[in-house]
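A short write-up of the structure that comes next.
The values are calculated or read from the model by the stated rules, or taken from the named source; none is laboratory data. Note that this is a predicted model, so its numbers are computed, not measured. Note: accessible area is taken over every heavy atom of the protein model, side chains too, but ligands, DNA and RNA are not part of it. Shrake-Rupley method; radii C 1.70, N 1.55, O 1.52, S 1.80 Å.
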Amino acid sequence: QFPKYSAAERLKILIVDDESMTRVVHSRYVKRVFPSATIMCAKDGKEALELTQTFHPTVIISDYAMPEMDGFEFINACKKIEAVRSIPVIVITGEDSAASKSALLLAGADAVINKPIAPETLHKVLQDTLSRTSYMCRELCLLQIPAVCG
């Protein structure tokens, strides 16, 4: 069992989706579980990539099918930037194939959720992702890796 994410760690979530109502709904889902979280939204991967440089999210929740830069291209771009590479990305997709899910996970997604999503599903995946990230950071800090420990 991984440790739970602590609210004291200032949770910052970037939600990426081209549909404004979906961004609002996902924000509400997140706020139910993490009321003190800071949430920033982007309308596509290109805007999200710019925001990651200034907002420094703890985790990113991204749609897959978007104009300008889709979720797959967004993940690939994130993995090329040193400061962004380690930020966990949860992808929400309408593509219900194992091949699509595998491709996203191989590209670097930490989790893939199929649409339509229930709030409970997003909460569980978010908790699991944050727990894994928190656990890995603590383990790396025990090894005294300065880039992770600050």
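Carbon and sulfur together cover what percent of the accessible area of segment 1-102 at a 1.4 Å probe radius?
On segment 1-102, the fraction of accessible area on carbon and sulfur atoms equals 52 percent.
Rounded to the nearest whole Å², what accessible area per residue is found for segment 1-123 with the 1.4 Å probe?
Result: 52 Å² of accessible area for each residue.
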